Amino acid sequence: MCDVCGCGQPENLFKVSDDTAKKNVEIKKSLLSKNEQVARHNKEHWDRDGVLVINLISSPGSGKTTLLERTIELLKKELKIGVLEGDIETERDAERVRRKGAAAVQLTTGGACHLEAPLVHKGYHALTKQMGGAPDILFIENVGNLVCPSSFYLGEDVRVVLISVPEGEDKPAKYPKAFKTSQAFVITKTDLLPYFDFNVEKVKNEALSLNPQLKIFTVSAKSGEGLEEWINFLKEKLKEKRKALQKV
Amino acid sequence: MHETSIAMGLLNSLEELARKEGAKRVLKVKVKIGKLSGIVIDSFVFAFNALKEQSPRLKDAELIVEEVPITYRCKECGHRFQTESVFFPECPKCGSANLELIRGEELEVVNAELEV
């Protein structure tokens, strides 16, 4: 009943239209829920196919593609390798890794600074078509950028962050999210250590203070130093994944 | 720069919500962004306001951002504390580094106010 003037008329007779026209909706969903939904779908594909998926994140020019080239050379005799190459433009990186004997699909984002799960999903289907089946290890080389890719889960098993010696020791502190969300960290171009003020132990400790679980590798794709540990890590992860999948 | 894609995703989901609810306009939307989420709030708000203009249903939407501080719980002594640092801190009470992050990674759409 109307309690403004006590006239006894029904309350809703006096309702102002603006108030009745508003509606509150509870959402409580992640801002990235669509990407995460597709990423989970990607993971289902990869688990079903028994593929180990590695998401490589670094700044442009830190040596992701070169490390991949060497990795392919060292693994291709025993394992089928597939690569999804994320770049803003060009097919160049896909061509480089194809020359080393891996199947590759180039994902050009046309300006976007990171890969998102739907594009990776499309790329994976194109890749299995090209290969006539699934790879043993799928490498996703993200767009060169140490910031944005770390916010987008693609469904990967292992996220690897890389920095090269010339980039400088302060990268972990400046880009904490990439280090916090990764499981492995590769310091590349260690053949250049004599020419730069780059204290490997200091960088390792700083990275570990951000993420105590990080597995750290120091490699030079040029001299081959440290590659064996990196390759063994990949083989071990593949074995672990397949064992875990058998149990399910 | 990924703030733009996230803002676009939010606007698309609001458009969908407005359609589903038969709303004329979205008036407000509230989001929670943690200090460890990797989002620069200013860029996100800028992108949201620039992109919302494209839709008559969304162009008046006000974006309200709640920034969530980084909060840890000590697994040894149970003490909860906030920190500004992104590095793994130690518990200010007992010095343990055995900590659990309980808040700070949020990236959540909380609610929206629609005109129906």
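Values quoted throughout were computed directly from the atomic coordinates according to the rules given, and no laboratory measurement underlies them. In this text, all values refer to a predicted model and were calculated from it rather than measured experimentally. Neighbour counts run over all protein chains shown; Cβ positions are idealised from the backbone, glycine included.
Using θ = phi - 60° and the Karplus relation 6.51 cos²θ - 1.76 cosθ + 1.60, list the HN-Hα couplings for the stretch A:140-147 in order, rounded to whole Hz, with x at every Gly or Pro.
10, 8, 5, 4, x, 4, 8, 9
Which parts of the stretch A:33-73 would a label at A:Tyr195 reach, counting a residue when its backbone N lies under 15 Å from a point 7 Å out along Cα-to-Cβ?
Correct set: A:62-63.
Check cross-link reach from A:Lys247 to the lysines: straight Cα distance under 16 Å, and skip same-chain residues fewer than eight apart.
Candidates past the 8-residue exclusion: A:Lys237, A:Lys239.
Suppose every K and R has +1 on its Cβ and every D and E has -1 on its Cβ; what is the size of the dipole of the stretch A:19-123 about the Cα centre, in Debye to the nearest 20?
Computed about the Cα centre, the dipole is about 160 debye.
Just checking the output field for A:145-151: average partner chain Cβ neighbours within 10 Å of each residue's Cβ? Working shown, then result.
On the way: counts 2, 0, 4, 8, 2, 2, 8.
Other-chain Cβ atoms within 10 Å of each residue's Cβ, averaged: 4.
Mind checking Rg over Rh on the stretch A:104-226, alpha carbons, Kirkwood formula for Rh?
Expressed as Rg/Rh, it is 1.00.
Can you quote the Å³ per residue value for the convex hull of the Cα atoms in chain A, rounded to an integer?
Enclosed volume per residue, from the Cα hull, is 205 Å³.
Is chain B rounded, prolate or oblate when judged by the Cα gyration tensor, a ≥ b ≥ c being the square roots of its eigenvalues, rounded requiring a/c under 1.5 and prolate requiring a/b larger than b/c?
prolate
What is the local net charge at A:Asn145, summed over the other residues whose Cβ is closer than 15 Å to its Cβ (Lys, Arg +1; Asp, Glu -1)?
-3
Other chains near B:38-45: what is the mean number of their Cβ atoms within 10 Å of each residue's Cβ?
Averaged over the peptide's residues, the number is 2.
Rounding to the nearest 20 debye, state how big the charge dipole of the protein assembly as shown is about its Cα centre with +1 on each Lys and Arg Cβ and -1 on each Asp and Glu Cβ.
For this selection, approximately 1040 debye.
List the lysines whose Cα lies under 18 Å from the Cα of A:Lys64, skipping any in the same chain that are fewer than 8 positions away.
A:Lys76, A:Lys100, A:Lys171, A:Lys189, A:Lys215, A:Lys222
Restricting to lysines 8 or more places apart or on different chains, can you count the pairs in chain B with Cα atoms under 25 Å from each other?
Counting lysine pairs in chain B gives 18.
Other chains near A:173-182: what is the mean number of their Cβ atoms within 10 Å of each residue's Cβ? Don't jump to the answer; show the numbers that get you there.
On the way: counts 2, 0, 2, 5, 6, 1, 1, 7, 3, 0.
Mean number of neighbouring Cβ atoms from other chains: 3.
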